[in-house]
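The structure follows.
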Amino acid sequence: YDLSTEEGIAQVCCNHLFPHRIRNGKWLRYCNGIYKEAKDVSILQDALQAIRLCSSLNPDNEALASMVGKANTAKNVLQIWKSLATNNAVNNEAWENHPNWLVFSDIIIDLEKWASTGKDYKIPFSPDYLLTQSCGYPFADVENVNPKALDKFLKAVETYLPDEDVRNYFHMAVGRSLSASAASEDKCIWMLSAATNKDGGNGKSTLLGII
C-alpha cells in the first residue's frame, strides 16, 4: 500500500486492526470468536475507528505519521473499505471446516480430543478459523457434566427408534437444529408430535429437556 496517500493509510488500518471477510458477496464482521454478517453502517464505523486508532499510535513511519492526521470523509472511507473485497474474499469451502469443533462464548472445544483423551482440547479464538456458529454460552456451564447422565435418554431413543437408519436421521435432525444450520441445508423444520391416536409418551419432553 502507498503510505503517502490517504487511501493507503485507510487500507492498512482496515486490514490490520479489523479482520473482516467476504462470503457470498457479503461482508462478515469478526466478533467474540465468530463471523457475523455486517451492514454497511457497521463497516463504516469500524473503518473510521481503525483510522482513529491508527492516528493515536503516533507511528514511527514518517509517511504514515504525516497522513494519519488527515480527515477521511465517511464516503471515502466506506469506498476504501469496499475496495478491499477482492483481498478479503474467502472460498466457501474454507468456512466451518472444523467438524469436531464447538464454539462456546469463551473458548473453542475440540470435541474429538475432549471425548477421547481429555487433553489439549481447548482452542483459543482466532479469525483465521473462519467460524460463524456459536452455542452462545460459556464452556464452564457444561465442562463438568457427567456424560452418564444421558444414559436414560439414549436408551429411550433406542426403545422408540429401534431402526438404525431412523436413529441416524434423528441424530442429524437434532444436530442441525442445535447448530442452526437446518434452514440452509435442508430448507425445513422438525416438529415433535405424538403417535396417531395416542396421548404421547414418546419422549418429546425428554428430548427438549436434554436439548
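The values are calculated or read from the model by the stated rules, or taken from the named source; none is laboratory data. On a predicted model such as this, the values are computed, not experimentally measured, just so you know. Positions of Cβ are backbone-derived with ideal geometry, glycine not excepted, and every protein chain shown enters the neighbour counts. Quick note on the areas: whole protein, heavy atoms, side chains included, nothing else; ligands and nucleic acids left out. Shrake-Rupley method; radii C 1.70, N 1.55, O 1.52, S 1.80 Å.
Restricting to the range 98-121, name every residue that is modelled with pLDDT of 90 or more and either among the small types (Gly, Ala, Ser) or closer than 19 Å to Cys31 by Cα (or both).
Matches in the range 98-121: His98, Trp101, Leu102, Val103, Phe104, Ser105, Asp106, Ile107, Ile108, Ile109.
Among the residues of the range 109-134, count how many are open to solvent by 40 Å² or more (accessible area, probe 1.4 Å) and within 17 Å of Gly175 (Cβ to Cβ).
6
If you don't mind, there's one more thing I want to ask. Tell me, which residue of the range 1-52 that is aliphatic (A, V, I, L, M) and open to solvent by 40 Å² or more (accessible area, probe 1.4 Å) is modelled with the lowest pLDDT?
It comes out as Leu17.
For the range 159-207, give me each residue that is surrounded by fewer than 11 Cβ atoms within 10 Å (Cβ to Cβ) and at pLDDT 75 or above.
Of everything in the range 159-207, those that are surrounded by fewer than 11 Cβ atoms within 10 Å (Cβ to Cβ) and at pLDDT 75 or above turn out to be Thr159, Pro162, Asp163, Glu164, Asp165, Met191, Ser193.
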